[in-house]
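The values are calculated or read from the model by the stated rules, or taken from the named source; none is laboratory data. Note that the coordinates shown come from a computational prediction; the quantities given were computed from them, not determined experimentally. Note that each Cβ is placed from the backbone with ideal geometry, even for glycine, and that neighbours are counted across all protein chains shown. Note: accessible area is taken over every heavy atom of the protein model, side chains too, but ligands, DNA and RNA are not part of it. Shrake-Rupley method; radii C 1.70, N 1.55, O 1.52, S 1.80 Å.
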Amino acid sequence: MNLDRDALSKLWDETTPKLFGYLVNVTRDKSLAEDLLQSTWLKAIEAMPKFKSRGAGFPAWLFAIARNECRQAWRKSNREAAFDLEQHDKAAPDNNSENQILVDQLLSNLSEDDRELIRLRYIADLPINDIARILNLNFVTVRVRLHRALVQAKSYAAKHS
Amino acid sequence: MSKPNHMPRNIHNILTDWGRGKRRSPARNEILKAEILTRVPAGNIPTVNHSLRRLPWLSFAFTSLAAIILVVNAVSVNYSSRTMMVSAPTAGVREEGSGSFAMPNSIVQDSRNSLIRPWPSPSPGGSITDTREFLKKDYNAQVRTRKIDELAGRIQTMVRGYDGRIDGYSASEKYGYVSFAIPASKLEAFRAEIKSIIRAKFYTEYVSSQNLLPQKQSIEQEQSQIEKTLGQLRADRDKLMIDHKKTLSSLQSQLNAANKELAALRAEVTDDPERRAQIDARIAQLQPQKITLESRVYNENKNYEANLVSFDSQIASAESNLEAVEKQDQNLLDNVATVQGYITLNWISLWEIMDLYLPGPLLTWILGALALTAYLWHRHRSHLLIP
């Protein structure tokens, strides 16, 4: 399969909202997220001829690159920001629905690993197999951990509803 | 996209809505997009088809092979055991070696999975009324070891320690052999010690015993017969002596009477011609009688001597036979009290040791390990390469 500009444009339109949403949720910084989005795509285009599926789709690969870019950005800025509800997603003032607030609260009770799972599953909308590839984990492990995270979230939601 | 069915719908819906709400395009979406598209080189970007899921086919292949070998092995084991069931009656013991004590060379071949016929062949038993047991035991064992010379030396020391005797010994790099004899009373202790120095998986023994009652009964019958004959001969000899004495005494008394009468007749002096004629006639009558009697005495003595010699000879022969039978009896008892045995030592490779310890065929385990390796390799290769 060859990828031309039109196809890439379509791919951008399909993937970028998820990828950007994911990056904003991770970095909690829209401008940084934009930079990371750009660098992710650039690296992807450069490395596209070398891309090997190995069981995961292109979006999964893109998210793997994005995760790596985030890590490098954190390393450069020498910070590992803790989850702070006050600051979290401050660049998204429109996310003030009841559900959004509830989810933000219940996510704060999860570990960073579990939050990453939730992001990849529900923001990036990736299948479990692709998440497993991105996180270098077993399919079953991902499934179990996601299940536990959801159970934990559910119990929190039930307690605070 | 499928969701886990077992989770409550509401939390999924909430998170799905949340995730959807988080998706957004950047403010400079069109600028960024244009910038990215300008970086795309003229022409097409070759990509790899990513729709195909890569499966660990190599791992599947190894696993399948292992399963096939396992099944084939199980089937062949069942078949061979069924074949053995329809064969001639056997001792029901596993053979290590040929089971033949007379041919130690044949034990070298490994025939662990075959059954042997009892050896020595059981002889037809006698009446059940005789329940004595004269068990002759034979012992052989096959030991697999990596130190043949050292173990052969230890076995010899053990045999001598149990008042045994070494009958043969050989040891080479791959094969060793010790044949010996030990007292039957010490066999169990000997076996226990052998087992204590060799792991059970490397040691297979074969102990056979046969009741030598038929031989014992035969010896006893022969002994009884000889004793009976001997008694009869002695009685006949005694009777001969008594009869001879009686006969001789009778003849002697007749002879004495004849001699006495003859002497009296010859001593008588008479002028009476009639009396003289009577005396002469009587002397003429007694003279042949005396000769006959003397002849009978001579013959009696001669016959007696001959018969006595014959009896003595027969008695001596019977006594000799009795002694031989008694010796045979003692030999049998000694034989029962002695255990003939041999132990063969075969070198074992590490593969064979693994085969002994692992349940099922070794090849299955190797293929299993290969399948695992292939799977791990596949997993390693499955990691996404991030530029």
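What to note about this one:
- Accessible area buried between chains A and B, both sides summed, probe 1.4 Å, in Å² to nearest 100: 5800 Å²
- Spatial separation of Cα centroids for segment B:156-232 and segment A:105-161, in angstrom: 75 Å
- Computed over protein heavy atoms with a 1.4 angstrom probe, the accessible surface ordering of B:Y342, B:Y298, largest first, is B:Y298, B:Y342.
- Accessible area per residue for segment A:96-160 is 44 Å², calculated with a 1.4 Å probe on protein heavy atoms, without ligands, DNA or RNA.
- Counted by Cβ distance under 15 Å from B:V297, the other residues give a net charge of +1, where Lys and Arg count +1 and Asp and Glu count -1.
- Calculated from the alpha-carbon coordinates, segment B:220-334 shows an Rg and a Dmax of 25.3, 90 Å respectively.
- The 1.4 Å probe gives accessible areas that order A:F20, B:F202, largest first, as B:F202, A:F20.
- For the peptide B:30-39, the mean number of other protein chain Cβ atoms found within 10 angstrom of a residue's Cβ is 5.
- Net charge in the neighbourhood of B:T270 (other residues with Cβ under 14 Å of its Cβ; Lys, Arg +1, Asp, Glu -1) is -1.
- Peptides A:121-132, A:62-73, B:267-278 ranked from most to least packed give A:121-132, A:62-73, B:267-278, packing being the mean of other C-beta atoms within 10 angstrom over each peptide's residues.
- Relative protection proxy for B:24-37, B:226-239, from highest mean packing down: B:24-37, B:226-239 (other beta-carbon atoms within 10 angstrom).
- Values of log10 I(q)/I(0) for segment B:148-230 across q = 0.13, 0.16, 0.18, 0.21 Å⁻¹ run -0.57, -0.72, -0.84, -1.03, by the Debye formula with one identical scatterer at each alpha carbon and no solvent.
- Reduction of at least 50 Å² in accessible surface, 1.4 Å probe, comparing all protein chains with the chain by itself, residues of segment A:6-43: A:W12, A:P17, A:E34, A:Q38, A:L42
- Counting heavy atoms of the protein chains alone, A:S39 has an accessible area of about 30 Å² for a 1.4 Å probe.
- Other-chain or far-sequence residues with amide H under 5 Å of B:S209's (modelled H): B:D138
- Solvent-accessible area per residue, Å², over segment B:251-387 with all protein chains present [probe radius 1.4 Å]: 62 Å²
- For the residues of A:131-144, the average number of beta carbons from a partner chain within 10 Å of their own beta carbon is 1.
- Taking B:K290, B:K302 and ordering them by how much accessible surface each has at a 1.4 Å probe, largest first, produces B:K302, B:K290.
- Here, segment B:254-301 has an Rg and a Dmax of 12.6, 43 Å when only alpha carbons are counted.
- Against the empirical 2.2 N^0.38 Å (N residues), segment A:96-160 has a Cα radius of gyration ratio of 1.12.
- With K and R counted +1 and D and E -1, the other residues having a Cβ less than 9 Å from that of B:I279 yield a net charge of +2.
- Here segment A:96-160 is assigned +1 on the Cβ of each Lys and Arg and -1 on the Cβ of each Asp and Glu. Its dipole about the Cα centre then comes out at about 260 debye.
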